[in-house]
Each structure stands twice: as structure tokens, then as C-alpha cells.
Amino acid sequence: MSTPASYFDDMYRGSRDPWHLAERWYERRKYGLTVASLPRERYRRAFEPACSVGELTSMLAPRCDALLACDRVDSAVETASARVRDQPHVRVRKLVLPDEWPDGSFDLVVLSELLYYFGTEQLYRLLERAVAALEPGGTLVTVHWNHPVPEHLRTGDELAGVLGRLPGLALAVDHREEDFALQVFVRLGADGAPAPSPARAEGLA
């Protein structure tokens, strides 16, 4: 069973930024590492589910021609929208995943602090939709808290094990710390070959 929607409603009822994402050095550092791990300098169309108040959204925006972010909580969507209102290439919508999913394909999907809220059936459905929406050669980023939390159904390391078994993806970055697990996958092409590394893409290796 997934974490109930009431949990998120209750969290945002007491605060517009219940996890203090805009204040903590831990969060800023993690977001910096997340963005630095992207293998491409720029992306055509990116999708960031569960964007919360838009802190990571604002850091992804300069690397994207178009960026769609979403959250299931109205106040989070409002806060994130205000955070990026001066960037017309960024849109923030209310979506409830995995039942709702945006149209079209993406060359970047960022799943940050999201997957541990889903029960097994919904988790695999969300991952199936994410991989299906990812263009060949596209980037899938996952980063998750690695300490036990009552509302979290898995830790970051446990999710890494699930992600490592998904077909059609090649692992490009595997960064583990005591506090979180950050992984970057690349969608395999039709020939089953992974995209070149950043150095190979520039002819350096």
C-alpha cells in the first residue's frame, strides 16, 4: 500500500515548505550533486514529478529548453509556480502519479525523493511509465533519502536495487552516501547500446 494522500495534505497544511527544502545546506548540496550528475549539458524536454516547492526545479531550469514539473498538492504547485514564474520555459502542474502522466516523450526524467512513497504495484507502474516516456539515449535520475522513515516504504539503497533490475536502462552514475542514494541511468537505444559518456561525446576518450 502506498503512503496515503492525507499524509501530504497534512504536511503542507502546517507549512508551505514542510521539509525546509529552501533552508537546509543538506538539501542544497544534494540538489547541486543531482544537477552536476547530469551527463548532458542541455536537455530538450525534461519532467520532474513531485517537485514540492520548486527548489530543484529552479536548478534544473537553466539546463533545459522546456521543463515540466508537477506535484499532487495544490499549495506546493502554487509555491513552485511562483518560484519559477520568471522562466517561461518552465511549467508546473498538478498531477497525481502514476494514474496521471503527461503526454509526449522526454530526454530527462528526474525522480527525486518520490519513489519510496509507493507500494510495489504503483511503484512498478510509475517506473514503467517513466522508462516508456524516456527517449532513447535519455537520462533518468533518481535520488532518495537512505534512512528509515515510517512513511517511507523503502530506503534509497533498497530502491537502487529495484532500479538496477529495470530493463532498457544502463547505469551511468552510482553515488552512495550515508544519507542518500543518487543514480543516473541512460535509456538504451534500439541497438541496445548505451549513449556515450560525456568525455566520449566530446571526443576526449
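Conditions tested, residue by residue: (1) among the β-branched types (Val, Ile, Thr); (2) under 19 Å from residue 112 (Cβ atoms).
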site: 127; (1), (2): no, yes
site: 135; (1), (2): no, no
site: 144; (1), (2): no, yes
site: 149; (1), (2): yes, yes
site: 159; (1), (2): no, yes
site: 164; (1), (2): no, yes
site: 184; (1), (2): yes, yes
site: 197; (1), (2): no, no
site: 204; (1), (2): no, no
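Okay, residues lined up against (1) exposed (fewer than 15 other Cβ atoms within 10 Å of the Cβ); (2) at pLDDT 95 or above; (3) within 11 Å of the chain's Cα centre (by Cα); (4) in a loop (DSSP other than H, G, I, E, B):
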site: 29; (1), (2), (3), (4): yes, yes, no, no
site: 41; (1), (2), (3), (4): yes, yes, no, yes
site: 47; (1), (2), (3), (4): no, yes, yes, no
site: 51; (1), (2), (3), (4): no, yes, yes, yes
site: 56; (1), (2), (3), (4): no, yes, yes, no
site: 60; (1), (2), (3), (4): no, yes, yes, no
site: 67; (1), (2), (3), (4): no, yes, no, no
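Looking only at residues in region 95-140 that are in contact with a His (Cβ under 9 Å, 6 or more places away or on another chain) and in a loop (DSSP other than H, G, I, E, B), the one that is most open to solvent (accessible area, probe 1.4 Å) is 113. Taking the conditions (1) modelled with pLDDT under 95; (2) under 19 Å from residue 173 (Cβ atoms) in turn, residue 142 satisfies each one other than (1). A residue that is within 19 Å of residue 45 (Cβ to Cβ) and in a strand (DSSP E or B) can be found somewhere in region 141-156. Quick check on region 174-200: of everything there that is open to solvent by less than 40 Å² (accessible area, probe 1.4 Å) and in a strand (DSSP E or B), which residue is farthest from residue 34 (Cα to Cα)? Ranking the qualifying residues of region 174-200, first place goes to 186.
The values are calculated or read from the model by the stated rules, or taken from the named source; none is laboratory data. Since the model is a prediction, treat every value here as computed from it, not as a measurement. All Cβ positions, even for glycine, are placed from backbone atoms using ideal geometry, and neighbour counts span all protein chains on display. With ligands, DNA and RNA removed, areas are computed over all heavy atoms of the protein, side chains included. Shrake-Rupley method; radii C 1.70, N 1.55, O 1.52, S 1.80 Å.
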